[in-house]
Structures are given as C-alpha cells and as structure tokens.
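Report on the following structure.
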Amino acid sequence: MNSDVRKEILGYIERNARVDLKEVAVCLGLTEVDVANELSAMESEGIICGYHTLIDWEKVTEERIHALIEVKVTPKRDKGFDDVAERIYKYPEVQSTYLISGGFDLLVFMEGKTLREISTFVSQKLSTLDSVLSTTTHFILHKYKDYGVIFNKKKEDERMIMTP
Amino acid sequence: MRDPLSQVIGTIKPSGIRKFFDIASERKDTISLGVGEPDFDTPWHIRDEGIFSLEKGRTFYTSNSGLIELRTEICNYYDRRFKVSYDPKKETIITVGGSEAIDIAFRAMLDPGDEVIIPQPSYVSYEPCAILAGAKPVIIELKNEDEFRLTPEELEEAITDKTKILVLPYPNNPTGAIMEEADLVKIAKICVERDIFVLSDEIYAELSYKGDHVTVASLPGMRERTIVINGFSKAYAMTGWRLGYAMGPAKIIEQMTKIHQFAIMCAPTTSQYAAVEALKNGDDDVKMMRTSYDQRRKFLMNAFAEMGLPCFEPFGAFYVFPDIREFNMTSEEFAFALLDAKKLAVVPGTAFGDCGEGFLRISYAYSIEKLRIAMERISDFIEDLRNKK
C-alpha cells in the first residue's frame, strides 16, 4: 500500500477516531479490508500511537489543574537531553514532554488535582533532579482551543434552508 | 392607473425554489440538502484580511473594474491553474458575484432577436437574464444518458442564423456534470465554424474531481470568442462577500465595464481586499475543501447504490442528481412527499429547467453526519414507496 493511501487514512481519522471502517473506506474509495489492514499495520509500526478523547474538563465538575513548565537542564555527555527527559516523562502526572529550541530546553505539560499537587511535584521531584538548572511554572487558566478544536463554540448552520 | 410594470418582467417566472423554500422553512426539525453554497466558513486568514482592510479605513470605491492588484492576481491564477492568460487592465472585470457578470455580459452582447443557447438543467439565472437583455433563450434539454454533458449533435440542432451566444455551465449546478477536454474540443469546433460566442460559467471550476477543470477558452480559436465567468463563492466559501469576475476580449469587457459602472459602480471594497488574500494564500484551503467534498460525494454515491437509486456519477460542483422516474411521481410531488414524510428537504430537478423532471438536486455541502441521517431518511422513504406498489 503506498504512503499516499496511508496519509489519506490518517487525515480522515485524525479528527475523528470513532469513525467506522466502512465510512473511511467509502469516502476514500478503498475497501474495508484495506483500511482495516492499514490501520493495524500502522498501529503495530507505532505510526498510530493511540486513540484519545478530547475533553473540555472545565465543563465537568471535577477539578483539574493544568500547568506548563519550562525546564532548563544541563545535557549529559553522550546522552544529550534524552536521559533527563526520560526521568521527567516517566512520571504519570506528566502529560507531554518536548525538547524546545530557544531560551529553555524542555517544555513539560502536567496535570494535577490541586495547585499544591503541581507545586509539590515541581519543587520536590522536578527541581531536585541533578541535571535540572531551573524551572518556570505557568498555570493554565483557561483553554480556548486544544488540538485544533475551539471549546465553547458550537456553530449552528446559519445558511438559508434552500438556495439555488 | 397605468400598469407600473414592464411587459417583459411579467413573462419571467419566479424562481422554482421559492415556493418550496417557503414551505420547508416553516417545518421544524427538517434536515435540508437544498443549499447551493459551501458549509465551510470563509478561511480565517481571508476574513482577517477583510477586517484589516476595514481597520485601515479602506472604505472607498475602487476603480470600476476593481482593484488592479486583485485583477492581476486573478489573471495570474487563471494562467497558473487553467493555462489561459488575460490582461488584467483590459480583459478583466470584478463583479458582484458571478451572477452580475452573467447579466452584464448578456446586456453587452445581445440585441433583440438574438438567440442564446442555454443547456438545461442549469443555474436559474441564464434564462431570465437573456430575456431581460431582449434576447430569445433557446433551451437544450440535456440527457441523463449523456451524464448531462452537451453533445455536438444537440448543439448543431439548436443553432440558427440568429444564435449569438452559447452558455457553457460546467461544472454544472444542479447536475454535477462536467465537460472534459475531449467533449469541449467538439463544441469549440462548432462555435468557431458557426461564429458563436461562449459564456463559460466556471464558478465551480475548483470543485472538479476527475482531474483539473479545463476551460473552453484555452482551446484553439476560443479565447477571442469566450467570456469566462468565475468568482470566490464556491472555491473559497465566500458566498456572502458577493465577489465574482469576468475575463474575455477587451472589446466585450470594455462594454461590460460600462454597464457595471452605471449600475453598480464597483464591487464591495472589503471583499476585494479579502479576495486578494484568497488568491495569494488560499490554495491549501481550496484543496482541503475539494478533498472533503470529494469524500462526501463518494459517500452519497455509495448510499444511492445501496438503496438502488439510480444516479450517474457526477464529477463536479457539490451536487448529485439522482433519477426518481421509477416512482411515477413528478419531482415536485416526490420532494413534497419526502418533506412531509421524512422531514428532508431537497430541490426538485424542475427548478433548473423542465428537463429536470424526474430528478432531484441533492447538495453535499453538509457534514458526513448530516448526510448519513439524510440518506437514512431517503432510503426509508423510497422503501415505503416501493412497498406500496
């Protein structure tokens, strides 16, 4: 199967992982078997890494605090940033870890139930790592848009019901 | 009191969609597949450019023909996409939608007694605009078995000594039909031989799903006898901005500009600035929307195949034109019954000419989720009809 077909399948399911096989097949002009085979191949090759649900947690009563932490580190000989990154991303409360160009090195997204939980994590776990030089924690106050989806904006179809 | 109206206006029928629109609008929970405009919002960078132009206070008239910057971008675009080049200064005019361009082209080119050949089913404005320009519309009834393409035989038969203009409405609203290069070559040959001008309405050019659209103006001998009409409504999802354009021989464009100058002055300035941005940086948006329409097109074709509703495969615009003749109902009867029974609004084929009888126009400018519900409704409906027989 050529890589264009894979890109088409990925493009189709990127925004809607719940879509059924048949719809993907029909809309892309493929067979269901082809789509199923490609999906499982891409799963085992690690191209498709998971199917998640995008949730606006602010609408759910449960409290969740999200923070974005800039981390400056000393890279290690031979290992570069990988070692320290691994020590950070292995914490389950860390949601994402990126190596960043510019004024700091690692960008860490994390989630906690309270401000205290996050500040404890930063001061006791993150800052105390040998390679970590400094951290700057930004608490996220409100999410307007995540993964290309604008929250709180359900758009109605405002077109006239019938036009030539 | 004297009759305040002209004699000619009384001869023009109101749009066939109107009656249906009024009824469908009153029904609650109705799903409509009756819309002739994209469901996408205008891409944000284009809207932002419009807003920016307002902030900068660009709120004045432009030149009658439109911003030279926009005309230049349009000519670059046609050269790049469809391989025909025009002079932005003398051969291009910006209009209020493609509709205005149709109107002023007819008024600039037609005299009383001239005939305009209009293949139908097609967009609703060619016929009234031709009549208002004093000309006589000559209708060619296109056929389902030809996939609603215009054949050279049909054209030959419709031509008389008085024929002046042939309208080529492709990709077509309402059928979704296209004309490929091989089809156009035969038509072009006849137009050159018989000295006929062509008004090529290419408003859906970017929504072609079987290779790139071919403009008749790019064929030998046709540039000097073709008015190309296009606009921003369909390709860039900019219907409400009301912006179109026409390109053609300087002699014709000059006179069209004269009518435009007196009747309109100039196209909306904000829209013109936004359109410059659309042409400069909008290729990816167009591609994204085309891909999405194509997926929905395939979705509908599959749904019709599953319910056994015959429909030729259309390769343009965002319409399908299924054949409902097996049910022995007129298009209007079918559409009203479907609205009553299943709360689904579609447009009867007859809204686009008498030969649309026996067909429906279904638009796929809707999300797959909506289309899926609509297809379930239409499938249930025709199953009921078949069971009754």
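All of the numbers you see were taken from the coordinates with simple rules; none came from a lab. Since the structure is predicted, the reported quantities are computational estimates derived from the model, not experimental observations. A quick note on method: Cβ atoms are made from the backbone with ideal geometry, for glycine too, and the neighbour counts reach across all protein chains shown.
Some points to look at:
- Column: log10 I(q)/I(0), Debye, Cα scatterers of segment A:3-44, q = 0.16, 0.18, 0.33 Å⁻¹: -0.32, -0.41, -1.44
- Candidate aspartates and glutamates - alpha carbon under 17 Å from residue B:28, same-chain residues fewer than 8 apart omitted: A:156, A:157, A:158, B:340
- Peptide A:26-35 - average C-beta neighbours from other chains (10 Å radius): 3
- Efficiency of FRET between residue B:305 and residue A:83 - r from beta-carbon atoms, R0 60 angstrom, step 0.05: 0.55
- In a fully extended conformation the segment linking residue B:1 and residue B:210 would gain 69.4 nm over its present Cα-Cα distance, using 0.36 nm per residue.
- Hits among lysines - C-alpha to C-alpha of residue A:79 under 20 Å, sequence gap 8 or more where chains match: A:90
- Modelled FRET efficiency - R0 35 Å, residue A:116 with residue A:142, Cβ distances, 0.05 increments: 0.95
- Candidate cross-link partners of residue A:143 among the aspartates and glutamates, defined by an alpha-carbon separation under 18 Å and a same-chain spacing of 8 or more, comprise A:56, A:58, A:62, A:63, A:111.
- Ranking of A:111, B:156, B:254 by count of other Cβ atoms within 10 Å, fewest first: B:156, B:254, A:111
- Quick note on the protein assembly as shown: its Rg to Rh ratio, both from C-alpha atoms and Rh being the Kirkwood radius, is 1.06.
- Average beta carbon contacts from partner chains per residue of B:33-40, 10 Å cutoff: 3
- Amide H within-cut-off set for residue B:361, under 5 Å, with H built and near neighbours excluded: B:347, B:349
- Taken as Cα centroids, segment B:236-275 and segment A:96-153 sit 52 Å apart, rounded to the nearest whole angstrom.
- Maximal additional length on extending the residue B:79-residue B:343 stretch stands at 90.5 nm, based on 0.36 nm per residue less the C-alpha distance.
- Average partner coverage of B:16-26, which counts Cβ from other chains inside 10 Å: 2
- Positive-end residue, segment B:204-348 charge dipole about Cα centroid, Cβ charges, pick of B:238, B:292, B:346: B:238
- Considering helices alone, the calculated mean residue ellipticity of the protein assembly as shown at 222 nm is -12000 deg cm²/dmol, with DSSP H runs of length four and up weighted by -39500 (n - 2.57) and normalised per residue.
- If R0 is taken as 25 Å, the Cβ-Cβ distance between residue B:261 and residue B:55 corresponds to a FRET efficiency of 0.30.
- Using the Stokes-Einstein relation with a Kirkwood hydrodynamic radius computed over Cα pairs, the translational diffusion coefficient of segment A:101-144 at 25 °C and a viscosity of 0.890 mPa s comes to 207 µm²/s.
- Built amide H within the under 5 Å cut-off of residue B:168, gap 5+: B:199, B:200, B:201
- Here segment B:56-281 is treated as a sphere whose radius is the Kirkwood value from Cα pairs; by Stokes-Einstein at 37 °C and 0.692 mPa s it diffuses with a coefficient of 188 µm²/s.
- The relative contact order of chain B comes to 24 percent, based on Cα pairs under 8 Å that sit 6 or more residues apart.
- Counting only Cβ charges, +1 for Lys and Arg and -1 for Asp and Glu, the dipole size of the protein assembly as shown around its Cα centre is about 1240 debye.
- Exposure proxy ranking for B:367, A:134, based on other Cβ atoms within 10 angstrom of each Cβ and starting from the fewest, stands as A:134, B:367.
- Violating pairs (Cα-Cα greater than 24 angstrom) within the set B:89/B:164; A:22/A:145; B:13/B:90; B:19/B:136; B:343/B:389: B:89/B:164; A:22/A:145; B:13/B:90; B:19/B:136
- For the residue pairs A:153/B:234; A:7/B:186; B:83/B:280; A:72/A:113, alpha carbon separations beyond 29 Å are given by A:7/B:186.
- Size of electric dipole in segment A:3-44: Cβ of Lys, Arg +1 and of Asp, Glu -1, about Cα centre, debye, nearest 20: 120
- Proxy reagent accessibility, fewest Cβ within 10 Å first, across A:61, B:330, B:160: A:61, B:160, B:330
- The relative contact order of segment B:37-103 comes to 25 percent, based on Cα pairs under 8 Å that sit 6 or more residues apart.
- Amide H within-cut-off set for residue B:114, under 5 Å, with H built and near neighbours excluded: B:136
- Shown here for segment A:1-37: trypsin sites (Lys or Arg not before Pro) in loop regions (DSSP other than H, G, I, E, B) with at most 16 other Cβ atoms within 10 Å, namely A:15, A:18.
- Distance between the pseudo-spin-label points of residue A:61 and residue B:13 (7 Å out from Cα toward the beta carbon): 6.2 nm.
- Contact order normalised by residue count of chain A, Cα under 8 Å, 6+ apart, percent: 20
- Segment A:60-164 - charge dipole about Cα centre, Lys and Arg +1 at Cβ, Asp and Glu -1, debye rounded to 20: 100
- Hz values of 3J(HN,Hα) by residue in segment B:43-58 - Karplus curve (6.51, -1.76, 1.60), Gly and Pro given as x: x, 4, 4, 6, 4, 4, 5, x, 4, 4, 5, 5, 4, 6, x, 7
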